[in-house]
Amino acid sequence: ARLGNVEVHRGAGGETHQLAGGDVPVLTTQQGIPVSDDQNTLKVGPRGPSLLEDFHFREKMFHFDHERIPERVVHARGFGAHGYYENYDSLADLTAADLFQRAGEKTPAFVRFSTVAGNKGSPDLARDVRGFAVKLYTKQGNWDLVGNNIPIFFIQDAIKFPDLIHAAKQEPDRGFPQAQTAHDNFWDFISLSPEAMNMALWIMSDRTIPRSLRFMEGFGIHTFRLVNAEGKSTYVKFHWKPKLGMQSVVWNEAVKINGADPDFHRRDMWDAIQSGDFPEWELGLQLFDDDFAEKFPFDILDATKIIPEEVIPVRRVGRLVLDRTVDNFFAETEQVAFCTQNVVPGIDFTNDPLLQGRNFSYLDTQLKRLGSPNFTHIPINAPKTEVCNFQQDGHMAMRNPKGRANYEPNSWGGALGGPRESRQGYRSFPAEESGAKRRVRAELFADHYSQARQFFLSQNPVEQTHIKDAFVFELSKVETPAIRARIVSHLLNVDEGLAKQVADGLGLAEMPPAADPARPVLRDLEA
Ligand code: HEM
């Protein structure tokens, strides 16, 4: 019999054998040995026992047994797509980064969107921050802008990240909730970390239940530096502005969608790209100098604060288009490894203590997750430029140095001696640093309520109601009365009306006193 172009036979036990031939390729083992029968193990007689000699069975089962790798410790659930960044005009006055030098230049890109707290199989419409990680394969190597869809973060210092994530994910005794922030541990941590108050307002807003990944903003969050060929530095905040605008669902819809189609967001992205309706974002820059940084009432190194777009307008400098789905989810979306520390000449860090900690964490976790220091050899992570150095060996080495030289300096000239340094190579911005070595937080980081209030007041009445409803829903799942009351005591410093409505919604017997607000410190008083 035939099934399409495949010849089909029935085996002795009624099993189906499909045969190679014509343009149907031959099934082989990993060693390339052609397989004659993939339906039956090698046995003594038709009823066994099975033979250890069956290398095809053993290899197939061994490989299957080792298919799983650890999921990401955060942002485990994600969806990736390929595309490009197209630069509008030369930004040579601002940065030496090659991808920004020429108008119309296209740079290949890979983007992975994610939720933060849920495990790999968790529902897409969980109330959560969305990751927005962009890998740009520039001609000077890979630049990763590893951002979120909210312009600020929960904490100010990376040393709190393990605590934040432990508190947000499943509780260690019961193993749930799987993808919900509505539980005691999460709100306990938030209530004891007033620095998270601005973020608490943002995550209770509609932004954490986007209608589609195509209708979200993205943010690099931290203040970075652009550095031009003359070595001049300009501070920058990166933004991605969706061409479709922003849209969210309401909580009632989110809950239903999670039940009916937990893959709602990834299906939407897949369908849009497959049908040629390519999602698009514009890259925006907020640019400022030391003078502005000195005058701004918050520290530009504090990742829990925005710089309002009314104060520094967002300049749109290019567009990101996603026009190709992956060939293989595991090879690309799962194995992609983003890292804040992957920057190209012309882009540099600041001393934001959250960013500095991230620069360590990603590379470290990826060694564990991908299993070898050679994960940059995997095609999705490999730069599209030539990689040439003396790093060698390790598991799965596929890019070892060729020839005799595996060190430098060496006496072997020309090609024999291998790669050497370049005057155009990456140079860190020579920022002047001084001060005593201490574990202390900058005093200007201490105002935790003003921007939370600004954010709440910037929302229209319907959006404000959604924020109130979200707080009531989330805190109603918190069993410990003291934690509920503590959140309300913070909300009193954000907006009294909101605090009262939340207290009413929760049926609090009495209103707690307002939390003692951190004393805002003026920079001129410090001087
Ligand atoms: C993963 C964003 C803070 C550690 C991710 C991902 C994104 C992201 C988008 C997923 C990347 C992907 O799709 O593969 C952010 C943002 C932060 C932040 C915007 C704050 C502004 C931190 C901090 C740490 C951290 C403070 C630790 C110090 C990690 C780790 C992963 C991760 C370990 C998993 C990476 C992997 O397995 O490949 N983050 N993150 N993040 N993040 Fe963050």
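The values are calculated or read from the model by the stated rules, or taken from the named source; none is laboratory data. For clarity, every value in this text was computed on a predicted model and none was experimentally measured. Note: ideal-geometry Cβ built from the backbone for every residue, glycine included; neighbour counts use all protein chains shown.
Look at (1) farther than 27 Å from LYS468 by Cβ; (2) under 21 Å from the mean Cα position of the chain (by Cα) and you find that GLY231 fails only one, number (2).
From the list MET216, MET246, MET269, which residue is closer than 27 Å to ILE300 by Cα, within 16 Å of the ligand (Cβ to nearest atom) and in contact (Cβ under 8 Å) with a residue 12 or more places away in the chain?
MET216
Of VAL134, VAL146, which residue is closer than 19 Å to HIS75 by Cα, touching a residue at least 60 places away in the same chain (Cβ under 8 Å), buried (at least 23 other Cβ atoms within 10 Å of the Cβ) and within 13 Å of the ligand (Cβ to nearest atom)? Step by step, each of VAL134, VAL146 is checked, and only VAL134 is closer than 19 Å to HIS75 by Cα, touching a residue at least 60 places away in the same chain (Cβ under 8 Å), buried (at least 23 other Cβ atoms within 10 Å of the Cβ) and within 13 Å of the ligand (Cβ to nearest atom).
Residues that are within 46 Å of the chain's Cα centre (by Cα) and among the aliphatic types (A, V, I, L, M) within the range 9-58 comprise LEU19, ALA20, VAL24, VAL26, LEU27, ILE33, VAL35, LEU52, listed in sequence order. Has the range 394-409 got at least one residue that is under 18 Å from ASP144 (Cα atoms), in a loop (DSSP other than H, G, I, E, B) and not charged (D, E, K, R)? Within the range 394-409, none of the residues are under 18 Å from ASP144 (Cα atoms), in a loop (DSSP other than H, G, I, E, B) and not charged (D, E, K, R). The helices (runs of 4 or more DSSP H) located wholly in the range 173-266 include none with 3 or more residues which are surrounded by 19 or more Cβ atoms within 10 Å (Cβ to Cβ), on the phi > 0 side of the Ramachandran plot and at pLDDT 95 or above.
Here's a check for you: in the range 408-433, which residue that is over 35 Å from the mean Cα position of the chain (by Cα) and surrounded by 11 or more Cβ atoms within 10 Å (Cβ to Cβ) is modelled with the lowest pLDDT?
Narrowing the range 408-433 to residues over 35 Å from the mean Cα position of the chain (by Cα): 408-418.
Subsequent filtering for residues that are surrounded by 11 or more Cβ atoms within 10 Å (Cβ to Cβ) retains 408, 410, 412, 416-418.
Values: GLU408: 94, ASN410: 95, TRP412: 92, LEU416: 88, GLY417: 93, GLY418: 93.
Among those residues, the one meeting the criterion is LEU416.
For beta carbons closer than 6 Å, sequence separation of 6+ or different chains, a first residue in the range 77-106 that is of a type in the set (D, E, K, R) and a second that is assigned to a loop (DSSP other than H, G, I, E, B) and surrounded by 22 or more Cβ atoms within 10 Å (Cβ to Cβ), the qualifying pairs are ARG77/GLY118.
Remark: pairs (first residue in the range 358-370, closer than 21 Å to ALA397 by Cβ and more than 6 Å from the ligand (Cβ to nearest atom); second residue part of a helix (DSSP H, G or I) and not polar (S, T, N, Q); Cβ separation under 8 Å; 6+ apart in sequence or on different chains) = LEU367/PHE375. VAL387 meets the conditions (1) in contact with a helix residue (DSSP H, G or I) (Cβ under 9 Å, 6 or more places away or on another chain); (2) near the ligand (Cβ under 9 Å from one of its atoms) in every case but one. The failed one is (2).
Considering the range 423-453 alone, what residues qualify as being under 18 Å from PHE154 (Cβ atoms) and charged (D, E, K, R)? Of everything in the range 423-453, those that are under 18 Å from PHE154 (Cβ atoms) and charged (D, E, K, R) turn out to be ARG441, ASP447, ARG453. Each residue in the range 488-518 was checked for being surrounded by fewer than 18 Cβ atoms within 10 Å (Cβ to Cβ) and in a loop (DSSP other than H, G, I, E, B), and 10 of them qualify. The residues listed here are LYS106, LYS139; of these, the one that is farther than 25 Å from GLN366 by Cβ, more than 16 Å from the ligand (Cβ to nearest atom), over 16 Å from the mean Cα position of the chain (by Cα) and of a type outside the set (Val, Ile, Thr) is LYS106.
Only one of (1) within 13 Å of the ligand (Cβ to nearest atom); (2) of a type in the set (Phe, Trp, Tyr); (3) outside any strand (DSSP E or B) fails for PHE57. Which number is that? Only one criterion in (1) within 13 Å of the ligand (Cβ to nearest atom); (2) of a type in the set (Phe, Trp, Tyr); (3) outside any strand (DSSP E or B) is unmet by PHE57, namely (1).
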